[in-house]
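Below is one structure, written out as structure tokens; the observations come after it.
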Amino acid sequence: MNNNIKELQKVIDECNKIVFFGGAGVSTESGIPDFRSVDGLYNQSYKYPPEEILSHTFFVHNTEEFYEFYRDKMLCFTAKPNNAHLFLCGLENAGKLSAVITQNIDGLHQMAGSKRVYELHGSIHRNYCLCCGAFYDGRYIASTQGIPHCEKCGGIIKPDVVLYEEGLDDKIIKDSVTAIADADCMIIAGTSLTVYPAAGLIRYFNGKYLVLINKSQTLVDSKADLVINAPVGEVLSQIKI
Ligand code: ZN
């Protein structure tokens, strides 16, 4: 066990109000690609960059093309929770974790058994009719072709995913801020913190230990009490609860 892992073990042992803030790097070990990292595949098969396709404007004006990309790249039902997800569920069950705040939309934390999960960017598992609000799960979207329409009223269905140009849910932000402000330890993992609101939310943390786990350096490394540059699941699987 290297010194960083020992240090993290001490922090986990000591703290009882831990908040975990996770980005795309938490899911990559489950085989879900980070669509923000430039991937040749996208460039080959799509006329637009993912950031443009996943924008509100594109959804409104090119709904069919949006769904083509969305079904192909975003809807994934085969991924399984990895060691990071399982560790966090265990930490919550042990009464040491107050919340998971995630930028991921894959639902893997809930699949692992975590209860208090704040999904800043929504979830592929929830979809709503834009006209009547009827709910549809992710598999329903996967089973349709072209633009999915509501079975009750014929309205267009939209994923409960925060697209570019769209604002985040106020209640989720509020709950996240409350959890962070009350935490004794904040673990930020699998994100380079270039995407808001991550960087902004850290401001509310007044606890004892700020821990960063990321494969590469981040913008706030200098503010952290402990920085571990390694895959998240690999790190957390070495920690005992
Ligand atoms: Zn409807």
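So what's the angle, to the nearest 10 degrees on a 0 to 90 scale, between helix 83-93 and the longest Cα principal axis of the chain? The two axes meet at around 70 degrees.
Cross-link pairs exceeding 24 Å in C-alpha to C-alpha distance, out of 96/240; 6/223; 17/115; 80/174; 47/171, comprise 80/174; 47/171. Neighbour counting of Cβ atoms within 10 Å sorts the residues 178, 78, fewest neighbours leading, into 78, 178. Under 13 Å of direct C-alpha separation, and excluding same-chain neighbours fewer than eight residues apart, residue 73 reaches these aspartates and glutamates: 34, 39, 51, 65, 106. Shape summary of the chain, radius of gyration then Dmax from alpha carbon positions: 18.5, 59 Å.
If we sort 84-93, 60-69 on the protection proxy, mean other Cβ atoms within 10 Å, highest first, what's the order?
Ranked from most to least packed, the peptides come out as 84-93, 60-69.
Put a dot 7 Å past the Cα of residue 144, heading toward its Cβ, do the same for residue 64, and the two dots end up 1.5 nm apart. Identify which of 28, 144, 191 has the largest mean-square fluctuation in a Gaussian network model of the chain, with springs joining Cα atoms closer than 10 Å. Among 28, 144, 191, the largest mean-square fluctuation in the Gaussian network model of the chain belongs to 144. Counting 0.36 nm for each residue step from residue 217 to residue 10 and taking away their Cα separation leaves a gain of 72.3 nm. Within the stretch 15-36, which residues have the backbone N less than 15 Å from the label spot 7 Å out from residue 94 along Cα→beta-carbon, could you tell me? Within reach of a label on residue 94, which here means backbone N under 15 Å from a point 7 Å along Cα→Cβ, the stretch 15-36 contributes 15-20. Each Lys and Arg adds +1 at its Cβ and each Asp and Glu adds -1 at its Cβ; summed about the Cα centre, the chain shows a dipole of about 540 debye. The modelled label-to-label distance for the pair residue 203/residue 116, using points 7 Å beyond Cα in the direction of Cβ, is 2.4 nm. Label sites at residue 132 and residue 72, each approximated as a point 7 angstrom past Cα along Cα to Cβ, lie 3.2 nm apart. Built from the Cα atoms of the stretch 81-163, the convex hull projects on average onto 6.1 nm², one quarter of its surface area.
Every number in this text was worked out from the coordinates using simple rules, so none of it is lab data. Everything numeric in this text was worked out from a predicted model, so none of it was measured. So basically every Cβ, Gly included, is an ideal-geometry build from the backbone, and we count neighbours across all protein chains shown.
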